[in-house]
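**Student:** Pasting in a structure now, in structure tokens, and then I'll have a few things to ask.
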Amino acid sequence: MATPLSAQWLDYPTPGIPRTADGKPNLAARTPRTPNGRPDFSGIWKAPDGKYLANLAADLGEIPMQPWAQKLYQERQENNGKDRPSGRCLPHSVTDFDGHPNPKKVIQTPGVLILLFESYHSYRQIFIDGRPLPKEREPAWFGYSVGKWEGDTLVVDTVGINEKTWLDDGGHPHSDALHVIERFRRPDFGHMEVQVTIDDPKAYIKPWTAKIQWEYMPDTELLDWVCENERDFQHLIGK
């Protein structure tokens, strides 16, 4: 499988973060805020493990699906997810990157939240400048995302996600009707609560929600992680 290349700045102190008396990052400190009073989500984050990348519904048991979606999901399960996009060096999408254990860097500005993903050198934009979702949409790998504040929670609506993407590596499918609702909340300096709701009536009997915890990664930077096209696929095991 592809592995990160060596890089600099892995142990460089992050400026401006709260620290304890012994100089260690204080992850229990107050939530940082922007000049306009909003929670500041900036920083490098990771999901603690690959649990939700493997199965977004890991905590939920069996998700009731429409017959075609159930059949496709079962085929992917039996095939060990061999045909997943990442097996061909295509990047993950919205929900599987939410659950991905590799680092992601959030850059927050007044009008847009930018996520830089170490894996596959990918990025995502969430517009928080009040614009509506576009009426005309070509299917996009990360879809089209707009966010709004509800108190200290950023609520993000995403539509138009390309049907070639999977919700997770386990193979949960979706249709062109997929609407992803994410709720981001930073209760303290070192933790982010990410609630992901899947609303896709063409694929699932009813909406369902996963809850993922992110952890802040201090004193480090993203690596240069590049997938060499088509080198992995021939080694994947499946029927």
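Bear in mind that the values in this text are calculations on the coordinates, not laboratory data. In this text, all values refer to a predicted model and were calculated from it rather than measured experimentally. Positions of Cβ are backbone-derived with ideal geometry, glycine not excepted, and every protein chain shown enters the neighbour counts.
**Student:** When a footprinting reagent is the concern and you count Cβ atoms within 10 Å, what order do Leu222, Leu27 take, fewest first? Can you show the working numbers first?
**Tutor:** On the way: Leu222 20, Leu27 15.
With the sparsest Cβ surroundings first, the list reads Leu27, Leu222.
**Student:** So, one more: Past 19 Å, Cα to Cα: identify those pairs from Lys46/Lys206; Lys164/Lys202; Lys82/Lys206, in the order given.
**Tutor:** As for pairs spanning more than 19 Å Cα to Cα, those are Lys46/Lys206; Lys82/Lys206.
**Student:** Based on other C-beta atoms within 10 Å, arrange Glu182, Glu62 from fewest to most.
**Tutor:** Result, fewest neighbours first: Glu62, Glu182.
**Student:** Another question, then. Could you list Lys135, Lys104 so that the one with the fewest beta carbons within 10 Å of its beta carbon is first and the one with the most is last?
**Tutor:** Lys135, Lys104
**Student:** Which one of Cys227, Thr197, Gly99 has its Cα pushed farthest toward the positive end of the charge dipole of the chain, where Lys and Arg give +1 and Asp and Glu give -1 at the Cβ?
**Tutor:** So the residue furthest toward the plus end is Thr197.
**Student:** Next question. Would the range 12-76 count as rounded, prolate or oblate if I go by the C-alpha gyration tensor, calling it rounded below 1.5 in a/c and otherwise prolate when a/b exceeds b/c, oblate otherwise? Before the final figure, lay out the partial values.
**Tutor:** Numbers: a/c = 3.91, a/b = 2.64, b/c = 1.48.
Prolate, because a/c is 1.5 or more and a/b exceeds b/c.
**Student:** Still on this model: Net charge near Ile107, counting Lys/Arg +1 and Asp/Glu -1 over other residues with Cβ under 12 Å of its Cβ?
**Tutor:** With Lys, Arg at +1 and Asp, Glu at -1, the neighbours total +2.
**Student:** Now for a different question. Tell me whether the range 91-188 comes out rounded, prolate or oblate; compute the Cα gyration tensor, take square roots of the eigenvalues as a ≥ b ≥ c, and use a/c under 1.5 as the rounded threshold.
**Tutor:** oblate
**Student:** Taking the Cβ of Glu118 as the centre, find all other residues whose Cβ is under 11 Å away and add up their charges (Lys, Arg: +1; Asp, Glu: -1).
**Tutor:** Taking every other residue near Glu118 into account, the sum is +1.
**Student:** Cα axis of helix 67-78 to longest principal axis of the chain: angle in degrees, 0 to 90, nearest 10?
**Tutor:** 80 degrees
**Student:** Amide H to amide H, which residues 5 or more places from Ser145 or on other chains are under 5 Å from it, using H placed in the peptide plane?
**Tutor:** It is Phe127, by chain and number.
**Student:** Here's a follow-up. Got the relative contact order for the chain handy, in percent, Cα pairs under 8 Å and 6 or more residues apart?
**Tutor:** Dividing the mean separation by the residue count of the chain yields 29 percent.
**Student:** Report the local net charge at His179: Lys and Arg +1, Asp and Glu -1, summed over other residues whose C-beta lies under 10 Å from its C-beta.
**Tutor:** Result for the local shell: -3.
**Student:** Which option, (1) 30, 23, 16; (2) 35, 18, 15; (3) 44, 23, 17, is the value of semi-axes √(5λ) of the Cα gyration tensor in Å that was calculated from these coordinates?
**Tutor:** Matching the structure shown: (1).
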